[in-house]
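Here the structure comes first, spelled out in structure tokens, and everything after it is commentary.
A short reminder: the numbers here are calculations on the coordinates, not readings from a lab. All of these numbers come straight from a predicted model, not from anything done at the bench. Positions of Cβ are generated from backbone atoms using ideal geometry, with glycine treated the same way; all protein chains shown enter the neighbour counts.
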């Protein structure tokens, strides 16, 4: 199978390629903003996501596109739309032109919005994104649904964690130091997914031709508070559980604003922005994966503590 992966050099993409390589079933091309490169079995092709012709040429002869590339941190709504929506629109047009059989789009729980532990969000509930990032992922989904001439599968994972994740590694280092702040209400609940589970689900979406133009939430069934998450990281590394002070929203807001100002000055993307603080300020990011389980039979979710042990063995 001839497979194109966008965002293949990122956290999820690199883990996905590692999984797919083991089967030997795939001829893989990775679209990248970097330079062209070819390894023994992977071809890296430089593209401009704003240029439809660039994407059309890069996706010629492909059977399936896995669209992972996305901007998580941006300075404005306009930038999120440009990076996440317009690029998806161009990719779908290129796929149509080249007769690609299927697009697997990795969206986000943020596209659906918040819910409650008593009624975690599912595919029948209305979307209500609370951040520009979530809105951009939802609008990208709409472009795919509206424009695609081919089959597509939309996957909405929650917080993703696993080996080689820079964000989780940074949190783990702070945990080892004995302190990690809470960016949300201490009673807020979150869904998580181990990156290896997500990659297995992506491969199922690639190969299962009974799935037709659908969207799915993916998640472990258990929900966790931020404190649960941090304590599980500490336990997985066998270190003392840290102090977890909750910072006031005003402090978080001003901190994120300062990062945005610095990013404007140095023309870089912010490592924290007000958009993420808006997401943190609301309660309960939880999802129900029952539809996925019923359609595919996949129920082998890795418990958080087990996934964290596998993720942070190198930090012990």
Sorted by mean Cβ packing within 10 Å, highest first, what order do the peptides 216-229, 137-150, 118-131 take?
216-229, 137-150, 118-131
Relative packing of peptides 232-239, 261-268 - highest average C-beta neighbours within 10 Å first:
232-239, 261-268
Compute the helix-to-body angle for 226-237: its Cα long axis versus the longest principal axis of the chain, expressed 0 to 90° and rounded to tens.
90
Report, to the nearest 10°, how far helix 132-147 tilts away from the longest principal axis of the Cα atoms in the chain, using its own Cα long axis and a range of 0 to 90°.
20
Scattering profile of the chain at q = 0.09, 0.16 Å⁻¹ [log10 I(q)/I(0), Debye over alpha-carbon scatterers]
-0.46, -1.50
Among 91, 72, 31, which comes first, then next, by fewest other beta-carbon atoms within 10 Å?
72, 31, 91
Given Cα pairs under 8 Å that are at least 6 residues apart, what percent is the relative contact order of the range 193-309?
45
Determine, for each peptide in 7-18, 297-308, the mean count of other beta carbons within 10 angstrom over its residues, then list the peptides with the highest first.
7-18, 297-308
By how many nm would the segment from residue 264 to residue 124 grow when fully extended, if each residue of separation counts as 0.36 nm and the alpha-carbon distance is taken off?
46.4 nm
Once you have the Cα-Cα distance between residue 235 and residue 39, take 0.36 nm times their residue separation minus that, and quote the gain in nm to one decimal.
66.7 nm
How do 285, 174 rank when sorted from fewest to most other Cβ atoms within 10 Å of their own Cβ?
174, 285
Calculate, in nm to one decimal, what residue 298 and residue 313 gain on full extension: separation in residues at 0.36 nm each, minus their alpha carbon distance.
2.7 nm
Note on the range 94-198: contact order normalised by length, alpha-carbon pairs under 8 Å, 6 or more apart, percent, works out to 31
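Suppose we take every Cα in the range 1-132 and form the convex hull; what volume per residue is that in Å³?
138
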Label-point gap, in nm, between residue 71 and residue 305 - each point 7 angstrom along Cα→Cβ:
4.1
What's log10 of I(q)/I(0) for the range 165-215 at q = 0.30 Å⁻¹, Debye sum over Cα points only, no solvent?
-1.15
Please give the calculated 222 nm ellipticity per residue for the chain, where each DSSP H segment of at least 4 residues contributes -39500 (n - 2.57) and the sum is spread over every residue; nearest 500 deg cm²/dmol?
-12000 deg cm²/dmol
Have a look at the DSSP beta bridges in the chain and tell me what percent are antiparallel, nearest 5.
10
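Counting only C-alpha contacts under 8 Å and six or more residues apart, can you give the relative contact order of the range 139-273 as a whole percent? Each step should come with its number before you reach the end.
On the way: 154 pairs, mean separation 42.0, N = 135.
Averaging sequence separation for qualifying contacts and normalising by length gives 31 percent for the range 139-273.
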Can you give me the distance in nm between label points at residue 177 and residue 79, each placed 7 Å from the Cα along the Cα-to-Cβ direction?
2.5
Using only the Cα atoms of the range 105-261, construct the convex hull and provide its projected area averaged over every direction, in square nanometres to one decimal.
11.2
Report D for the range 1-47 in µm² per second (integer): Stokes-Einstein, Kirkwood Rh on Cα pairs, 4 °C, 1.567 mPa s.
122
Hey, what angle do you get for helix 249-266 against the long axis of the chain, alpha-carbon based, 0 to 90 degrees rounded to 10?
50
Using Cβ counts within 10 Å as a stand-in for footprinting exposure, how do 116, 108, 169 rank, fewest first?
116, 169, 108
Quick one: Cα convex hull volume of the range 173-316, Å³ per residue?
151
Label-point separation (nm) for residue 222 and residue 291, each offset 7 Å from Cα along Cα-to-Cβ?
2.6
